[in-house]
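Engineer: This is the structure I have questions about; it appears just below.
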C-alpha cells in the first residue's frame, strides 16, 4: 500500500522563519557560488551569507549538507489539462508533480477544453492553483479565440486578469496577418508572445520527416515546418519589436535562425526540452508512442545543434513541455496516439545527464537556465534570485543522488514517459514556496520513495 505524499500545501498565514545551513548556494543572478546560509522571513529572502543563526535563533533549520541551495526552478511550458481533461491531470496534481520536481513557478498552456481564451478562464486557473496551495501556477492566455487562429482573443482582459503571456500552444498561428496583429497588440503593454512554431500546411505527420519515418511508413513533420514559422515571425517582429518567445526548439535550422536574430539585436528568446537533447527519431522504430511528441524527436545533428545553442547562449531557457495523457490514449496505434510526455518530475536529472555529465555546462549555468533566465523572460522580477527581498522560492538539490526513474511513483496523474527505468543523478531534496516547505524527500532511492500517483494533495 502506498504512503501519503510528502507534499504540504501552504498555510494562509506567514510562514515561520527558515534558515538553510551547510549547503552550497548557487545564485546565477549574482554569479555567486559558495558556502552560505539563507534566511527566509515572511515569505522573502531576508539574508544570504554566513553567521545568520543569531538573526533568527528560533528559525526552523534545514540542513543542506552536500546539497545545492538554488532559487526555485521555473518551468515556462506545462500542460495541466484543467478544465476539461481532468482524467489526464488537474491543476492540483500538476502542481504536486511540479514541487516534487523542484519547480516553484510553472506556466500552464491554454490548450484546455474550453481553451483559456478569456479572463474568466484565467481567473479560474488562478483560483484552482490557490486552492492547491503548492507552487505558483501562472496561466498563458490563448492568442486567438478557441485557438482557431482566425480572430484575436480578449488579450487585454486576460492580461489584466493575470495571464503571464499568450500562446496558442499545440498549434502555431498560421496566418501571418493574425500574427502581426497579435504582436502589435501585445507590444502595447510589453506582453510576452510564446509561439508553437509549426507551419500548418507542412504538419499532419506523426514523427520527424527522415529516413526512420520512411522505413516505418509513417507521415513525417519536416524541420522546415518549424523553421519557416520562426523565419516568418522574426521578419514580422523585426518591424514591431514585441517580446517574442520560441517554444520547444528542436532543429538545427531553428537554432541558427534564432542565433542570427539575436546577433541583429532582435527581441527573441527560446526554450528547449530534455527529450530534444537526449533522444532521436530512430527510437520510434518500435512504434512506441512514448517517443511521440510535437515537435517530434529529430536527428542526432539537430540534438547537437540544440546543445550548442545552450552552450553559446542562443537558447535561453530549459522547459519541460509536460504533456500528460491517459494510458489508453497512448496505447493507440502510433499515428493515432496523442503527442506528448510528462516531464516535471524528471527534468532536473535529465538536464543534468544531457548537459552536466558530458561537461557542456556546470550546475550554476543549469540553474540559470532553469530559474533566473525564465524569470527574466517572463518578467518575474521577484524570483530567480536569492538576493535580499526576493520571493522565498528555494530548491534544495542533492547533485550526487543516484536513482531510477519509476513512473509508478510519479505524483502526476499520468505517467507517459520514454525515460522509464533510466538511471539518473541529481534529485530534489526540498522545495520551498514563499518561505514554506511544500515538498521534502528524505533521500531514498526511487524504489523506496513514498508516492501516491494521481491522488490530490
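Engineer: Would you calculate, for the chain, the mean residue ellipticity at 222 nm contributed by helices, counting each DSSP H stretch of 4 or more residues as -39,500 (n - 2.57) and dividing by all residues, to the nearest 500?
Structural biologist: On the way: 13 runs with 113 residues, N = 457.
For the chain, the value works out to -7000 deg cm²/dmol.
Engineer: Given the stretch 115-168, what whole percent of its Cα pairs are spread farther than 17 Å?
Structural biologist: Details: 437 of 1431 pairs.
More than 17 Å apart: 31 percent of the Cα pairs in the stretch 115-168.
Engineer: What does the extension gain come out to for residue 333 and residue 400, with contour length at 0.36 nm per residue minus their alpha carbon separation? Walk me through the numbers before you get to the answer.
Structural biologist: Values: separation 67, 0.36 × 67 = 24.12 nm, distance 3.90 nm.
Taking 0.36 nm per residue and subtracting the Cα distance, the gain is 20.2 nm.
Engineer: Could you put 119, 63, 302 in order, starting from the residue whose Cβ has the fewest other Cβ atoms within 10 Å? Don't jump to the answer; show the numbers that get you there.
Structural biologist: Values: 119 19, 63 14, 302 25.
Lowest to highest Cβ neighbour count: 63, 119, 302.
Engineer: On to the next question. At q = 0.13, 0.14, 0.16, 0.17 Å⁻¹, what is the log10 ratio I(q)/I(0) for the stretch 161-303, with the Debye formula run over Cα points and no solvent?
Structural biologist: -0.57, -0.65, -0.82, -0.90
Engineer: Within the stretch 141-180, whose backbone N sits under 20 Å from a point 7 Å along Cα→Cβ of residue 238?
Structural biologist: Zone members listed by number: 175-180.
Engineer: To the nearest Å, what is the center-to-center distance of the stretch 48-108 and the stretch 195-252, using C-alpha atoms only?
Structural biologist: Each part's Cα centre sits 32 Å from the other's.
Engineer: Relative to the longest principal axis of the chain, what angle (0 to 90°, nearest 10) does the C-alpha long axis of helix 91-100 take?
Structural biologist: 60 degrees
Engineer: Another question about this same structure. Can you tell me what share of the DSSP beta bridges in the stretch 72-378 is antiparallel? A percent to the nearest 5 is fine. Kindly include the intermediate steps, with their values, before the conclusion.
Structural biologist: On the way: 1 of 24 bridges.
Here the share of antiparallel DSSP bridges comes out near 5 percent.
Engineer: Something else about it: What order do you get for 325-333, 182-190 when each peptide is scored by the mean count of other beta carbon atoms within 10 Å, highest first?
Structural biologist: Working: 325-333: 14.3, 182-190: 17.1.
Most protected by this proxy first, the peptides run 182-190, 325-333.
Engineer: Pull out the extension gain between residue 160 and residue 423, defined as 0.36 nm times the separation in residues minus the alpha carbon to alpha carbon distance; nm, one decimal. Could you put the intermediate results ahead of the total?
Structural biologist: Working: separation 263, 0.36 × 263 = 94.68 nm, distance 4.43 nm.
Contour length minus the Cα-Cα distance gives 90.2 nm.
Engineer: Now a separate question. Using only the alpha carbons, work out the radius of gyration and Dmax of the stretch 57-131 in angstrom.
Structural biologist: Cα only, the stretch 57-131: 15.7, 51 Å (Rg, Dmax).
Engineer: Once a ≥ b ≥ c are taken as the square roots of the eigenvalues of the Cα gyration tensor of the stretch 72-378, is the result rounded (a/c under 1.5), prolate (a/b larger than b/c) or oblate (a/b not larger than b/c)? Walk me through the numbers on the way to the answer.
Structural biologist: Details: a/c = 1.22, a/b = 1.13, b/c = 1.08.
It comes out rounded by the Cα gyration axes.
Engineer: Nearest 0.05, what FRET efficiency do residue 283 and residue 42 give at R0 = 51 Å with Cβ-Cβ as r? Intermediate values should be presented prior to the final figure.
Structural biologist: Values: r = 48 Å, r/R0 = 0.95.
It comes to 0.60.
Engineer: Taking only Cα atoms, what is the 0 to 90° angle, nearest 10, from helix 300-311's long axis to the longest principal axis of the chain?
Structural biologist: The angle comes out at about 50 degrees.
Engineer: For 430, 320, 280, which order do you get if you count the other beta carbons within 10 Å of each Cβ and list the fewest first?
Structural biologist: Details: 430 25, 320 32, 280 19.
Fewest to most other Cβ atoms nearby, the residues stand as 280, 430, 320.
Engineer: Right, another one. Which order do peptides 290-297, 367-374 fall in by mean Cβ count within 10 Å, highest first?
Structural biologist: Values: 290-297: 23.4, 367-374: 25.9.
Put in order of decreasing packing, that is 367-374, 290-297.
Engineer: Take residue 214 and residue 131, extend 7 Å from each Cα along the Cα→Cβ direction, and tell me the distance between the two endpoints in nm.
Structural biologist: Going by the 7 Å Cα→Cβ label model, 5.3 nm.
Engineer: For the chain, take the longest principal axis of its alpha carbons; what is the angle in degrees between that and the long axis of helix 119-132, to the nearest 10 within 0 to 90?
Structural biologist: Orientation of helix 119-132: about 30 degrees from the principal axis.
Engineer: If you average the sequence gap of Cα pairs under 8 Å that are 6 or more apart and divide by the length of the stretch 21-137, what percent do you get for the contact order?
Structural biologist: Details: 176 pairs, mean separation 25.3, N = 117.
Relative contact order, the stretch 21-137: 22 percent.
Engineer: Which of 362, 230 has the fewest other C-beta atoms within 10 Å, and how do the rest follow up to the most? Kindly include the intermediate steps, with their values, before the conclusion.
Structural biologist: Values: 362 13, 230 27.
Least to most surrounded, the residues fall as 362, 230.
Engineer: Can you give the extra length, in nm with one decimal, that the chain gains between residue 184 and residue 357 once fully stretched, where that is 0.36 nm per residue apart less the Cα-Cα distance?
Structural biologist: On the way: separation 173, 0.36 × 173 = 62.28 nm, distance 4.25 nm.
My answer for the length gained is 58.0 nm.
Coordinate-derived values only; no laboratory data. On a predicted model such as this, the values are computed, not experimentally measured, just so you know. Virtual Cβ from ideal backbone geometry, glycine too; neighbours counted across all protein chains shown.
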